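The values are calculated or read from the model by the stated rules, or taken from the named source; none is laboratory data. What you see is a predicted model; the values in this text were computed from it and never measured. Cβ coordinates were reconstructed from backbone atoms using ideal geometry, including for glycine residues, and neighbour counts include every protein chain displayed. Accessible surface is based on the protein model in full, side chains and every heavy atom, while ligands, DNA and RNA are left aside. Shrake-Rupley method; radii C 1.70, N 1.55, O 1.52, S 1.80 Å.
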Amino acid sequence: MRAPIHMIKGFQLILAILYFNSNALLGQDKWSVTTFKDSLAVEYDLVQQHASVRHCFPEIRNCKAISVQSKKALEAHSLNRKILDYFGIDSEQLYGQFMALTKPIDLEFNKARLEMNFLAHNVTEILVVFHSGSDKWIARPFVVTQEGYQPAQHAYLITFDQEHVDKFQRDKIHITGIGIYFLKAKPDSASKLIVGAFRVQEFHAYRPGLVAPWLAPMFKDKEHAGYALMDSYSTWFYQQLHSVSRPFTDIPSFDEFSVQQGLVSPITQFHTDKPKEKLMLHDFLCLAIKNYPYSEEKGIDVNQVIMELDNVFNQSDKIDRSLITEVSRFIESRFKDPHFKLILPPEFSAELPRKTFGPVRIKEIGGHLKVVANFDEEYCEQIPVGSIVTSINQFSAVEFMTGKRNLEEELYRQAHEAVELTVIHPNNSTIERKFQIRYDRRLKIPQNFRVRHGEFKLIENAVPYFRIRTWSGENIYNLLNHRAEILEAGTVIIDLRGNGGGNGREVFNVLSLFFNNINSIGERQHDDFRESITIIPNQEELRIPSGIRVAILVDSETACASEIFLIGMKKRPGTIIIGDSNTMGAVASPNFFRFPSGVQVEYHSAFRKFIFNPSVYREGHGIAPDILVSRTSVHDLYPYKDKVCAVAYTILNR
């Protein structure tokens, strides 16, 4: 059997970085800032030039596409003999199409990338070839992961293979033609490859001289503070509305504009000498606390918190593991916000012993702490599932259930440690026994305890079930690939339990499948104005019709992007939210701020905050299920009887 032709997977990610000179922060006269941003310099859209069929793709404005011909590769272009030999492919196995460009493209090799969307049936791999004249080429294979729509592919041209490195100058590439070829999964069966987007883009990085407005108080030079950009924003907004390359499933936002203009960067890098870093970090955190967007909702006295933070910093005269650990604990305890936290640098983390969760898993069920899983065979009979835990390390169960102590932290231990549990066996409610649970054993966790992201199945051959563990970009394609089953059943269960968020863009894209009309689901509040978060319906042939009944499963770990999805779906008739608790109540779009020692701060900064209907969502409180399912037994949980899912199935199967 032939080995796969792919040699390089994935794509490169370029991050904009801000470089700061900390003089102003330290009381000196000037503190300069430089921002870097990517700007699209060249774009060639193959589909717009060579479209041959009408076929809709979920993120693409029009329904133009290329249906790749099933011509044998050697017939498509004579140079393919060398390419076949290079990759070790039998000439009888590779099919596809060569497209000559009417006007060649000249690109800077190190800055050019390919962006591609496609749909495939009976295809295992795709080979993309860029031809330069009659004897030069670069090529890269892409693996087909499933039948139907594929996750969008991005790859920089520098990651492509070529026969001889010296054939291309490393700084320039002259493209005269493009070949798209494929290998069949079943050689004797018909194949289909439809390309909805094929864009070759060249990006340039430069310094626009802008600074994030919320950081303005840290500058002595106020020239760079603020953003008189509304005229530019209006022009950009109009261009985005008519852009073929931008997903059309939501209205362009000032947040998106800010990233493109350099006002907001995914990573901000501060620079100063080590003795001054402590003051820099302190002043930054004070500013972050002062600007914390949800202090009112959470009842946080920011002035009091800043005074307490001063005391924490006074415990040390330098940045070290001890100080950062204390500051991290302080921020976590005061804000209880997963989008505002400190991340230790690698050298600090390396000093810490590794921790893990032990073999006994515990949750609050029906007013008691109960053992919900035991992965240690030595204790399985003595501490079976359903045992009541009365104390952990001599702290009473009540302290954990009232929030006085953190259950997860108590059970999160180093390998050489042990946890003392006092338990009552479910078959003997009168005798308490103590056990020392060791953490140095290798655990065998059964497969049914391992949640599978993207799982799709029919419950009782009747109700479609789709698990979204994270918003990572491919869920919209997985959903569309099972659209026929959903339409046939007239129902679908979407399981968001344990989904802490991810790619907000994908949330908007998936929401667009469920709406028939333009909908505003909330607002983004900036310093001086608000703007609507508006969802635009996708192409009609891709939508999930309004008559399809939808049940969405949630728990206390459902957060962030998943909560935005729920807020949107609450506006859709025929949708019901089912869970055993409120969602987490933590929505944000954070960025990372890195300091010279490697310490990072994750913080809300892409814009001020989201505002949603308070009767639907409140920060720190989350979203209440339409149907709250009580947990009275351990066996109500997943992966046992899974009472929440069973309730959803019963409702949808009526």
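Data for the structure
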| read-out | value |
| --- | --- |
| Span-rule helices in the chain, defined as complete DSSP H runs reaching 18 Å or more along the axis (Cα) with Kyte mean at least -1.0 | 274-290, 321-335 |
| Spatial separation of Cα centroids for region 578-654 and region 282-315, in angstrom | 25 |
| Packing-based order for 311-317, 462-468, 552-558, using average beta carbon neighbours within 10 Å, highest first | 552-558, 462-468, 311-317 |
| Surface/4 estimate of mean projected area, convex hull on alpha-carbon atoms of region 365-457, nm² | 7.8 |
| Given charges at beta-carbon only (K, R positive; D, E negative), |dipole| of the chain in Debye | 880 |
| Ordering of 641-650, 248-257, 407-416 by packing [mean C-beta count within 10 Å, highest first] | 248-257, 641-650, 407-416 |
| The chain - Cys residues lacking any other Cys C-beta under 4.7 Å | 286, 380, 560, 645 |
| Projected area, mean over directions - region 448-583, Cα convex hull, nm² | 8.8 |
| Region 458-489 and region 363-421: distance between their alpha carbon centers, rounded to Å | 36 |
| With every protein chain in place, the chain: carbon and sulfur % of accessible area (1.4 Å) | 48 |
| Whole-number Å³ per residue for the convex hull built on Cα positions in region 276-410 | 152 |
| Where the chain is the region considered: accessible area per residue in Å², 1.4 Å probe | 46 |
| Estimated inter-spin distance, residue 106 and residue 445, nm [label 7 Å along Cα→Cβ] | 5.5 |
